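Down below is the structure, laid out as structure tokens.
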Amino acid sequence: MVRAALQDGVLGRAVESGLIDLQVHDLRAFTTDRHKVVDDTPFGGGPGMVLKPEPLFRAVDTLRETRGEPDLVLLPSPQGRRFTQQVAGEYSRKAHLVFLCGRYEGVDERVSTALVTEEVSIGDYVLSGGELPALVIVDAVARLVPGVVGDAESVVRDSFTRGLLDHPHYTRPASFRGLDVPGVLLSGHHGEIERWRRQQALRRTFERRPDLLEDAALTDEERQWLARWKAGENNGAQAS
Ligand code: 4GX
């Protein structure tokens, strides 16, 4: 599943063109017993299986020898540091990341204390393994590696790079089932279009994710719009 997900789209092309190198390793290859056992029952009892420490330590030791010292050894976990666009930027400036994952209830705590540099969480919900979080993180991080996304401007203008939600997008037809594209987008006035988009992005952030406004970098005009909306003027979707 992990290999398949890394093969197409933006990630697949980035690997093909040598911009990033992604290697997937099977934990069972680092076991020493005949049955290649990577998990065991929890000390103290309870449901589920726990990932054993030895295969993970052996795997990372082997990577140290073959690929050099990793900058970060990451463990996807709901107990981890929350993964955000800012963290993606941080990781994208590292040369070598290792993700430890498996489908299990937990991992032996000695892995967290003595092998992992950072536990990282993609959100407050429980998944059945760390593979999907690792793929989510790799995708978000790879996009920030120069050259991976063809149009560099689209990365810079991306939602969250400015700390705000995205503005609405429209394409042809200009009128569809009685739903019209806002006239300003058809006007050709690039300054007005840019201003409308900034206002829409801010309005949506104000309505849907006001928590993001605490850290957002805003212009004086944007602060004025916010003050107006907060004062309760211009209520409703058509507010300007
Ligand atoms: N964001 N999971 C990890 C197993 C596990 C449990 C405890 C380490 C410690 C998740 C998330 C997530 C499910 C991945 C449990 N590993 N990971 N897995 N949400 O739910 O990152």
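If you add up the charges near E54, with Lys and Arg at +1 and Asp and Glu at -1, over every other residue whose beta carbon is less than 13 angstrom from its beta carbon, what do you get?
Working: positive: R28, K36, K52, R58, R110; negative: D33, D39, D40, D61, D108.
Net charge around E54: 0.
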Whole-Hz Karplus ³J(HN,Hα) for segment 119-133, in order, using 6.51 cos²θ - 1.76 cosθ + 1.60 and θ = phi - 60°, x for Gly and Pro? 8, 9, 10, 8, x, 8, 7, 10, 9, 8, x, x, 5, 5, x
With every protein chain in place, the chain: carbon and sulfur % of accessible area (1.4 Å): 50 percent
Mind telling me which of G68, G46, G147 comes out most flexible in a GNM of the chain, alpha-carbon contacts under 10 Å? G46
Place a +1 charge on the Cβ of each Lys and Arg in segment 109-240 and a -1 charge on the Cβ of each Asp and Glu, then give the dipole magnitude about the Cα centre in debye, rounded to the nearest 20. 560 debye
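Quote the FRET efficiency, to the nearest 0.05, computed for R195 versus R172 with a Förster distance R0 of 22 Å and r equal to the Cβ-Cβ distance. Can you show the working numbers first?
Working: r = 23 Å, r/R0 = 1.04.
About 0.45, to the nearest 0.05.
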Apply the Karplus parameterisation 6.51 cos²θ - 1.76 cosθ + 1.60, with θ equal to phi minus 60°, to every residue of segment 221-229 and state each ³J(HN,Hα) to the nearest whole Hz, in sequence, with x for glycine and proline. 4, 5, 5, 5, 4, 4, 4, 4, 5
Determine the dipole magnitude for segment 85-159: charges of +1 sit on the beta-carbon of Lys and Arg, -1 on that of Asp and Glu, nothing else is charged, the reference point is the Cα centre, and the result goes in debye to the nearest 20. 220 debye
Would you work out which of V15, V148, G89 lies farthest towards the positive end of the dipole of segment 1-153? Charges go on Cβ: Lys and Arg +1, Asp and Glu -1. V15
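With a cap of 13 neighbouring Cβ atoms within 10 Å, and only residues DSSP puts in a loop, list the trypsin sites (Lys or Arg not before Pro) found in segment 12-107.
Numbers: sites: R13, R28, R34, K36, R58, R64, R67, R81, R82, R93, K94, R103; in loops: R34, K36, R93, K94, R103.
Listed in order of number, the matching sites are R34, K36, R93, K94, R103.
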Per DSSP, the loop-located GluC sites (Glu not before Pro) within segment 98-190 having at most 16 other beta carbons within 10 Å are E105
Mind listing the long-range amide H neighbours of F99? Cut-off is under 5 Å, sequence gap 5 or more, other chains count too, H placed in the peptide plane at 1.01 Å from N. L74
Around V107, which amide H atoms from residues at least 5 apart in sequence, or from another chain, sit under 5 Å from its own amide H, with H modelled in the peptide plane? L51
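In debye, nearest 20: dipole of segment 14-168 around its Cα centre with unit charges on the Cβ of K, R (+) and D, E (-)? Show your work: numbers first, answer last.
Values: 16 positive and 24 negative charges, 17 e Å.
Taking the Cα centre of segment 14-168 as origin, the dipole is about 80 debye.
Per residue, how much accessible surface does the chain expose to a 1.4 Å probe? Answer in Å², no decimals.
Values: 15160 Å² over 240 residues.
Accessible surface, normalised per residue, equals 63 Å².
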How about K36: which lysines have a C-alpha closer than 22 Å to its C-alpha, ignoring those fewer than 8 places off in the same chain? K52
³J(HN,Hα) computed for each position of segment 66-73 - Karplus, 6.51 cos²θ - 1.76 cosθ + 1.60, integer Hz, glycine/proline x: 8, 10, x, 5, x, 6, 9, 10
Using Cα atoms only, what is the angle between the long axis of helix 190-208 and the major principal axis of the chain, expressed in degrees (0 to 90) to the nearest 10? 60 degrees
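The values are calculated or read from the model by the stated rules, or taken from the named source; none is laboratory data. What you see is a predicted model, and the numbers here were worked out from it, not measured in a lab. We place every Cβ from the backbone using ideal geometry, glycine too, and count neighbours over all the protein chains shown. What goes into the accessible areas is simple: the full protein's heavy atoms, side chains included, and nothing from ligands, DNA or RNA. Shrake-Rupley method; radii C 1.70, N 1.55, O 1.52, S 1.80 Å.
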